[in-house]
1. Can you give me the C-alpha center-to-center distance between the range 41-100 and the range 111-182, rounded to a whole angstrom?
2. Points 7 angstrom from Cα along the Cβ direction at residue 51 and residue 78: gap in nanometres?
3. Before rounding to the nearest 500, sum -39500 (n - 2.57) across all DSSP H runs of length at least 4 in the chain and divide by the residue total; then give [θ] at 222 nm in deg cm²/dmol.
4. Roughly how many debye, to the nearest 20, is the charge dipole of the range 3-180 about its Cα centre, given +1 on each Lys and Arg Cβ, -1 on each Asp and Glu Cβ, and no other charges?
Amino acid sequence: MKTRDVTQIALMTALIIALAFVPAIPVAIIPVPIVLQNFGIMLAGLLLGGKKGTISVAILMVMVAVGLPVLTGGHGGAISFIGPSGGYLLSWLLMPSLMALFNRLLSKLFAKTSFWNILISTIIVSILVSYAIAIVWISVQMHITLQQSLLANMVFIPGDVIKAIIAAFIAQRLLPIINKNA
């Protein structure tokens with residue numbers, strides 16, 4: 001792995017950690033708050049690709065596991081993985097690779113990488129796939145039905161769509177620069 005790759009991974013991990021300092025917005029119907037860190041996970045997948053993005057998120061997960069307070073609200077520790085947010089944390093680890101996969105598929109289908117391809121892959125992975133994992137996790141963890149878990153998670157959709165649009169816009173602007181200097 002090149003110095004450039006290590007630097008990109010470290011900077012992305014630092015960005016995700018920095019987003020933890022933005023205060024969470026509590027949600028009354030579910031014990032999982034609205035956070036900005038998942039925006040950083042979207043950027044990791046879009047800007048670094050599957051391998052480097054996953055490494056960046058894995059480093060974050062190791063930091064959480066050893067107890068460093070790198071999640072929103074100063075949370076950390078292995079307990080974070082079995083609480084209500086555990087499904088989201090698991091999905092974060094999968095997001096960069098899945099986003100890279102969907103970006104490649106859409107680029108082949110439409111013969112180029114465009115804002116819309118980036119946005120569609122971001123929404124598919126960061127909302128549909130991530131929520132599917134989190135909904136099942138919350139249903140099991142809180143002993144509620146899948147339907148109740150789905151309805152409770154609907155509160156996150158508007159904010160995550162906005163995050164996906166901003167992440168796709170940033171990626172469309174930065175990818176040519178990142179790839180040009182590769």
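Any read-out appearing in this document is the output of simple, stated calculations on the displayed coordinates, not a laboratory observation. Because the structure is predicted, anything quoted here is derived from the model rather than measured. Every residue, glycine as well, gets a Cβ built from its backbone with ideal geometry; the counts of neighbours run over all protein chains shown.
1. Answer, in whole Å: 14.
2. Reported label-point gap for residue 51 and residue 78 is 3.1 nm.
3. Details: 8 runs with 119 residues, N = 182.
Calculated at 222 nm, the ellipticity per residue is -21500 deg cm²/dmol.
4. Details: 9 positive and 2 negative charges, 128 e Å.
For the range 3-180, the charge dipole is close to 620 debye.
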